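The values are calculated or read from the model by the stated rules, or taken from the named source; none is laboratory data. Values in this document were obtained by computation on a predicted structure and should not be read as measured data. Cβ: placed from backbone, ideal geometry, glycine included. Neighbour counts: every protein chain shown. For the accessible areas, the whole protein counts, side chains as well, though only heavy atoms, and no ligand, DNA or RNA atoms are used. Shrake-Rupley method; radii C 1.70, N 1.55, O 1.52, S 1.80 Å.
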Amino acid sequence: MADYQVKDLSLSERGQNKINWAWQYMPSLQFLYNKYKDSQPFKGATIAACLHLEAKTANLLITLTKLGATVAACGSNPLSTQDEICAALAKNGVHVYSHRGMTTDEYFNYVRKVLSYKPNVIIDDGADVVATIHKEFTDLIPNILGGSEETTSGVKRLRAMNSQGVLKFPMIDVNDALSKYLFDNRYGTGQSVWDGFIRTTNMIVAGKTVVIAGYGWCGRGAAMRAAGNGAHVIITEVDPHKACEALMDGFRVMSMEEAAPLGDIFLTLTGNIHVIRREHIERMKSGVVLGNAGHFDVEISKPDLSALSDHVEKLRDNIDAYIMRDGRRINLLGEGRLTNLACADGHPIEIMDLSFSLQLESALHIFTHKLKPGLYPVPAETDRAVMESKLAALGVNIDSMTEEQIEYMKGWQE
Ligand code: NAI
């Protein structure tokens, strides 16, 4: 069995059951496993993965080991790690280092532990592994063929590193593949953020005023599903195009200052910092629920919540009620960390089947091509193949262009 640091190995059966449940609904990943199992294309790969350690991720990591890789993994967020999944991963030969509720120091120590395997391929979610290598472990860089990044906030950091000329190995931007953001960010977040809210609060969404900060891919999904659940939706934005799009999608658009006294539920999905802060919290009604689904726990200002409050009460798991000095209760879900992962199981299985198929193919691309340092898109044929395998699994046929149509589309004289 692999070396590991997990909370309790005896939880592994429960974890394995969750992993087996998810595997049934991951046809694209199953397809890739069957395609590559004989050739073992990851033989010689040592993969360092920093991902949300839940059942779908476990299927990616186990598949990689079954295809020949040595895999060392840590959780990418203190509250998204599921201890039973870590236990099952350890039993499946993954070198896993994480536990739910880890501190920031423990988190970075787990990242360092994963890097002690001297990886040649990285799978990152938020770019902490890549940043840690560039800050603390530059000696590993010559051995690293490259990696892939899962999320918008991680890609933002990689773009900054790339434009400053400091990114020392190639990274594939999985987030911006069509098979990723159109589904994972939009429909995945759209469903799972409400799954997290409903499970955690046991409250109704219908009839509530929901304020969604950010009308990007995640915000669109969350707003769409809030409306579908019968909420009145208000959007806040900083981008005039997105704001106008939200307006034309039928939502009210206003500043956070205007929305603060109106909302019952607030969700931040911006990838930005302190989107909800002191001047907004001061105007909110008692009993409101605040949740974040952006990658980092900085979108809702926890320092401002603490500064304005007298004490914190906990009546249910994953809800901190900040009791303001004026007596109002402001409820924060999952310590302001990704609501869908801290308070639920993350995106639906069928969605992560797509994202993790892209991750597997991207890791293979990195391992089998000698790319120069930089940020690369997922190869278009890979993006298309993942979507085609999804449609095939769903039994959906689409048309192909006729020769005449192909020629027509190339022309200009009509
Ligand atoms: P995006 O770039 O498509 O959208 C972000 C939107 O927020 C943009 O329209 C931007 O104009 C807006 N925004 C920025 N600052 C703002 C502010 N102060 N007030 C209001 N709006 C503001 O990004 P995407 O893909 O929607 O991702 C958003 C965040 O969610 C990122 O941190 C990403 O990493 C994370 N994410 C989380 C997932 C989850 O499972 N919870 C899944 C995928 C992404």
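So which residues in the range 103-124 are open to solvent by 10 Å² or more (accessible area, probe 1.4 Å) and more than 21 Å from Leu364 (Cβ to Cβ), if there are any at all? Once the filter is applied, which keeps residues that are open to solvent by 10 Å² or more (accessible area, probe 1.4 Å) and more than 21 Å from Leu364 (Cβ to Cβ), the range 103-124 yields Thr103, Thr104, Asp105, Glu106, Tyr107, Phe108, Asn109, Tyr110, Arg112, Lys113, Ser116.
Of everything in the range 201-235 that's farther than 20 Å from Glu258 by Cβ and open to solvent by less than 10 Å² (accessible area, probe 1.4 Å), which residue is nearest to the ligand (Cβ to nearest atom)? Don't jump to the end; show me each part of the working.
Let us first name the residues in the range 201-235 that are farther than 20 Å from Glu258 by Cβ, namely 201-207, 216-218, 220-221, 224-225, 228-230.
Still in the running and open to solvent by less than 10 Å² (accessible area, probe 1.4 Å): 205, 221.
On the way: Val205: 17, Gly221: 8 Å.
It comes out as Gly221.
The conditions of being open to solvent by less than 10 Å² (accessible area, probe 1.4 Å), within 12 Å of the ligand (Cβ to nearest atom) and modelled with pLDDT of 95 or more are met by Ser192. The residues of the range 255-278 that are in contact with a strand residue (DSSP E or B) (Cβ under 7 Å, 6 or more places away or on another chain), open to solvent by less than 30 Å² (accessible area, probe 1.4 Å) and over 18 Å from Leu338 (Cα atoms), listed by number, are Met256, Ala259, Gly263. Restricting attention to the range 167-188, the residues being buried (at least 23 other Cβ atoms within 10 Å of the Cβ) and without any contact (Cβ under 8 Å) to a residue 40 or more places away in the chain number 2. The residues listed here are Lys56, Lys66; of these, the one that is under 20 Å from Trp21 (Cβ atoms), crowded, with 24+ Cβ neighbours inside 10 Å and of a type in the set (D, E, K, R) is Lys56. Of all the numbered requirements in (1) open to solvent by 20 Å² or more (accessible area, probe 1.4 Å); (2) in contact (Cβ under 8 Å) with a residue 24 or more places away in the chain, Asn340 misses one, and that requirement is (1). Of everything in the range 126-148 that is touching a Leu at 6+ places or on another chain (Cβ under 6 Å) and at negative phi, the residue that is most open to solvent (accessible area, probe 1.4 Å) is Phe137.
Among the residues of the range 358-366, is any touching a Ser or Thr at 6+ places or on another chain (Cβ under 8 Å) and farther than 22 Å from Met26 by Cα?
The answer is yes, given that some residue of the range 358-366 is touching a Ser or Thr at 6+ places or on another chain (Cβ under 8 Å) and farther than 22 Å from Met26 by Cα.
Only residues that are in contact (Cβ under 8 Å) with a residue 60 or more places away in the chain and touching a strand residue (DSSP E or B) at 6+ places or on another chain (Cβ under 6 Å) were counted across the range 52-68, and they come to 2.
In the range 247-267, how many are touching a residue at least 60 places away in the same chain (Cβ under 8 Å) and assigned to a loop (DSSP other than H, G, I, E, B)?
Residues in the range 247-267 being touching a residue at least 60 places away in the same chain (Cβ under 8 Å) and assigned to a loop (DSSP other than H, G, I, E, B): 0 in total.
For the range 322-343, taking the residues that are out of contact with any strand residue (DSSP E or B) (no Cβ under 6 Å at 6 or more places or on another chain) and more than 18 Å from Glu299 (Cβ to Cβ), the one that is farthest from the ligand (Cβ to nearest atom) is identified as Gly327. Sub-9 Å Cβ pairs linking a first residue in the range 189-216 that is under 20 Å from Ser153 (Cβ atoms) and polar (S, T, N, Q) to a second residue that is open to solvent by 30 Å² or more (accessible area, probe 1.4 Å) and not in a helix (DSSP H, G or I), at least 6 apart or interchain, are Ser192/Asp345, ordered by first then second residue.
When Thr270 is tested against the conditions (1) outside any loop (DSSP other than H, G, I, E, B); (2) within 11 Å of the ligand (Cβ to nearest atom), the lone failure is (1). Residue selection: Arg329 satisfies the criterion of being in contact with a Gly (Cβ under 6 Å, 6 or more places away or on another chain), under 30 Å from Phe197 (Cβ atoms) and open to solvent by 20 Å² or more (accessible area, probe 1.4 Å).
For the range 236-267, a residue qualifies if it is within 9 Å of the ligand (Cβ to nearest atom) and either among the aromatic types (Phe, Trp, Tyr) or under 19 Å from Trp194 (Cβ atoms) (or both), and exactly one does: Thr236.
Any residue in the range 26-47 that is within 16 Å of the ligand (Cβ to nearest atom) and either of a type in the set (Ser, Thr, Tyr) or open to solvent by less than 10 Å² (accessible area, probe 1.4 Å) (or both)? Walk me through it before giving the result.
So in the range 26-47, the residues within 16 Å of the ligand (Cβ to nearest atom) come out as none.
No: zero hits.
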